[in-house]
Amino acid sequence: MVKKRSPIAQQALDFYLQQAQQIAQTSQNPFLSKVRQQAQERFVEQAFPTAKDEDWKYSKLSGFLAQHFSQQGISQPVANWQAWMPSFPVIKLVWVDGHFCETLSDELSQLPAGVLLESFADALQANTELGGLFANQDTVLAEPFASLNSMLFQDGMVLEVAANVTLSLPIFVLHLQTQPLHHSVLRQRVSVGENAEVTLIERYVSLQSQGAGCVNVVTEIELGKHARVQQILLQEQNRDSFYFNNQFIYQAEASQFTTFYGAIGSQLSRHQNHLFMDGEQIENQQNSACIGLGAQTVDSRTCTHHNQAKGFSRQLHKFVLEDQAIGVFDGMIRVDQQAQKTDGQMDNKNLLLSDFAKMNTKPKLEIYADDVKCSHGSASGQIDKNQIFYLQARGIHKADALRMITQAFLLEPAEVVRQEPIRRWVMERLALALQQTHLP
Amino acid sequence: MLLNIENLQAQIDEKVILKGLNLQVNAGEVHAIMGPNGAGKSTLASVLAGREDYEVSAGAVDFDGEDLLALDPEERARKGLFLAFQYPVEIPGVSNKLFMQTAVNAVRQERGLPALDMFDFDEFAKERIALLEMRADLLERSVNVGFSGGEKKRNDIFQMALLEPKLCIMDETDSGLDIDALRLVANGVNALRSPQRSFIVVTHYQRLLDYIKPDHVHVLYDGRIIKSGGFELALELEKNGYDEIIQQYQNA
């Protein structure tokens, strides 16, 4: 069925198809050409979702469609990159406008044994056989912005951690946008071998304080048996920008995955986890802390597939919304018929600081097994007057009380970050972002 | 005189609850306010602490030379008024340590004392925890989250020990406590009694007063104090109930 499109949506579609064709012309690899061709076909069917599509009802794309984001353009020099670095030691990797920047990154040949890291562009060059990089395309192409990504991407990251390797330093990936109207289309593929362990931190920032840029990410993370992966993402683009991230996580038996997403910036941001628990005794935790101010739309969503027995999943998603901001949470826990003894829990809690802020939340359970323990819940409200009075009654000023309660509310999901310096760093970023609110 | 309440009248929404209440408390005294349900006991505690829901329509309250009713709740706390809550509030994510360090330093600022840093505060807090025989991990926990009823009340007493107030108002502290928890809370309060510190103990039952011996007992009914006496008044109430005193008052 051909989708009916508004003239603006049609123009945007034509623009991105044209970009895709330019890219396709440069590609020599027939496999890659096929991947892109397939993506393009799906994208034409999908583009662009409107408010009539249930999954896009509250994340309106009109702002995105009104501007055309191009991958062409010349990156601005990055002078002050240190300002974006944390104070704890990391392995640093920098992408500028969607392209790997060797000069700003740590020396790749110095990585610990068992760790292979290359830019996605290099991985495409090096491999004639690309099947492994695109093994899950059928799943990926279910999402319109992942289809758009698949037809446009040129660079990104490939990270492989060999079996039994424990990386003591976190890998810190810094994504910088330097120009307005630029489209950073990133493809990330992380595979972590049996019993290996890694912490991955990703930070998305705009160097300019205004002017819309767009980041479109597809990340695939594969965990081998007993592998342990912790992921921390901070999205801090300027408030004109757009952010779309589709993460596909595939867990093997007895692996442990933790992800924390902090949403601070962007006009419209949409972060999605598609998590597949493809073995027994898998554990995972997916948390997010989202701040929406002004006219921001902040969308955080998860789809967790309990496919095998004895899986354990936990989620906590919190939103603080002010002004006319819109928050969207959508979470699905799907328990397959054979996933007996599943233990799944999903919580969404929201604090509305103004009368005009709006929260749309949809926690969902779909259970086909009969011996499971699953729960989901959502609550939205204002700051409890009794809490404020309790602090006041101990001598704390009302303004400080409001700030203390709001901050404590928002930071709770970040408690999942295991290493104290990283946790503190994440919490500082979120606390700083809260200072932008109109709390007295 | 530490506290002088004159003709206090207060209402919530349109409902008048305090109808001209008078009470004088000197430094070091313990006053018990007793009364049947709905007499206005908790309203009195809330109005003195400055809860916004109540509107004071008449009367005056002098606290240590200041017009109490003109002060914000936090200013009252800084000047040495402490309310132990009937239902202490849970505040997820705020640790007792952060909460009480902020509060203690707010009070110290008022008294012209330098702020306590993390280490000095820790030492001070640990000493009080030991005095009240409380759990050592109290400081690290979120305020009242996951606490039993007794633990919540004791946490309030712990806060009282840290803030060193001049006047402590205990709002039905005994409600919902079993006898062991009641004894622990009372022991905490007794440890904090001093010639400079006064207490107003609001309670429905006499049993709390077996542990915290008041100097004065007042019966509150229909928004007024209708009878005052010594500890023997509490014993009389325990024996005969409120009815007789209320009858006498209504016939007078």
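Let me have the 222 nm mean residue ellipticity of the protein assembly as shown computed from DSSP H runs of 4+ only, each contributing -39500 (n - 2.57), with the sum over all residues rounded to the nearest 500.
On the way: 18 runs with 194 residues, N = 692.
Theoretical 222 nm ellipticity from helices: -8500 deg cm²/dmol.
Listed cross-link partners B:Lys79/B:Lys126; B:Lys79/B:Lys239; B:Lys79/B:Lys152; A:Lys398/B:Lys152; A:Lys57/A:Lys92 are compared with a 27 Å cut-off, the Cα-Cα value being larger for B:Lys79/B:Lys239; A:Lys57/A:Lys92.
Per residue, how much accessible surface does the stretch A:19-59 expose to a 1.4 Å probe? Answer in Å², no decimals.
Numbers: 2430 Å² over 41 residues.
On a per-residue basis, the stretch A:19-59 sits at 59 Å².
Accessible area buried by the pairing of A and B, both sides summed with a 1.4 Å probe, works out to roughly 2100 Å².
For the stretch B:3-251, give the percent of accessible area contributed by carbon and sulfur heavy atoms, probe 1.4 Å, rounded to a whole number. Taking all protein chains in place, the stretch B:3-251 shows 46 percent carbon and sulfur surface.
Accessible area of A:Glu280 (1.4 Å probe, protein heavy atoms only, ligands and nucleic acids ignored): about 80 Å². Taking every residue in B:159-166 and counting other chain Cβ atoms within 10 Å of its Cβ, the average works out to 1. Placing unit charges on each Cβ (+1 for Lys and Arg, -1 for Asp and Glu) gives the protein assembly as shown a dipole about its Cα centre, and among A:Gln337, B:Ile91, B:Leu235 the Cα reaching farthest toward its positive end belongs to A:Gln337. What separates the Cα centres of the stretch A:115-163 and the stretch A:311-331 is a distance of 29 Å. Amide H contacts for B:Arg224 (H built 1.01 Å from N in the peptide plane; partners 5 or more residues away or on another chain; cut-off under 5 Å): B:Lys19. Sequentially through the stretch A:206-216, phi angles give Karplus couplings (6.51, -1.76, 1.60; θ = phi - 60°) of 9, 6, 9, 6, 9, x, 6, x, 9, 10, 10 Hz, Gly and Pro residues having no value and appearing as x. When you restrict to C-alpha pairs under 8 Å that are six or more residues apart and normalise by the size of chain B, the relative contact order lands at 28 percent.
How do B:Lys239, B:Lys213 rank by accessible surface area computed with a 1.4 Å probe, from largest to smallest? It would help to have the intermediate numbers written out before the result.
Details: B:Lys239 170, B:Lys213 100 Å².
Solvent-accessible surface, decreasing: B:Lys239, B:Lys213.
Rolling a 1.4 Å sphere over the protein heavy atoms, what is the accessible area per residue of the stretch B:3-155, to the nearest Å²? The partial results should precede the final answer.
Numbers: 6640 Å² over 153 residues.
So the stretch B:3-155 comes to 43 Å² accessible per residue, rounded to a whole number.
Across A:Gly156, A:Gly381, A:Gly224, mean-square fluctuation computed from a Gaussian network of chain A (C-alpha pairs under 10 Å connected) peaks at A:Gly381. Ligands, DNA and RNA aside, B:Met134 has an accessible area near 30 Å² when probed at 1.4 Å.
Where only protein heavy atoms count, and the probe is 1.4 Å, what is the accessible area per residue for the stretch A:212-256 in Å²?
Value returned for the stretch A:212-256: 19 Å² of accessible area per residue.
Taking only alpha carbon atoms, chain A gives an Rg to Rh ratio of 0.95, where Rh is the Kirkwood radius.
Would you mind calculating the relative contact order of the stretch A:175-248 from Cα pairs under 8 angstrom and at least 6 residues apart, reporting the percent as a whole number? Working shown, then result.
Working: 173 pairs, mean separation 29.6, N = 74.
Dividing the mean separation by the residue count of the stretch A:175-248 yields 40 percent.
At the residue level, A:Cys374 shows approximately 30 square angstrom of accessible surface with a 1.4 angstrom probe and all protein chains present. 3J(HN,Hα) along the stretch A:321-338, derived from phi through the Karplus expression 6.51 cos²θ - 1.76 cosθ + 1.60 where θ = phi - 60°, amounts to 10, 10, 6, 9, 4, 10, x, 10, 10, 9, x, 10, 10, 10, 10, 5, 4, 8 Hz, with x in place of Gly and Pro. Burial annotation for the stretch A:394-436: residues with an accessible-area loss of at least 20 Å² between the isolated chain and the complete set of protein chains, computed on heavy atoms with a 1.4 Å probe, are A:Arg394, A:Gly395, A:Ile396, A:His397, A:Lys398, A:Met404, A:Ala408.
So which chymotrypsin sites (Phe, Trp or Tyr not before Pro) in the stretch A:291-392 end up in coil per DSSP with only 15 or fewer other C-beta atoms within 10 Å? Working shown, then result.
Values: sites: A:Phe312, A:Phe319, A:Phe329, A:Phe356, A:Tyr368, A:Phe389, A:Tyr390; in loops: A:Phe356, A:Tyr368.
Here the chymotrypsin sites (Phe, Trp or Tyr not before Pro) that fit, given the DSSP loop and packing criteria, are A:Phe356, A:Tyr368.
The accessible surface of chain A, taken with every protein chain in place and a 1.4 Å probe, is 48 percent carbon and sulfur.
When all alpha-carbon pairs of the stretch B:3-251 are counted, what percent fall beyond 22 Å? Don't jump to the answer; show the numbers that get you there.
Details: 16764 of 30876 pairs.
Here the long-distance tail beyond 22 Å is 54 percent of all Cα pairs in the stretch B:3-251.
The values are calculated or read from the model by the stated rules, or taken from the named source; none is laboratory data. From a predicted model like this one, the values you see are computed outputs, not experimental measurements. Positions of Cβ are backbone-derived with ideal geometry, glycine not excepted, and every protein chain shown enters the neighbour counts. Ligands, DNA and RNA are stripped out before the accessible areas are found, and what is left, the full protein with its side chains, is counted by its heavy atoms. Shrake-Rupley method; radii C 1.70, N 1.55, O 1.52, S 1.80 Å.
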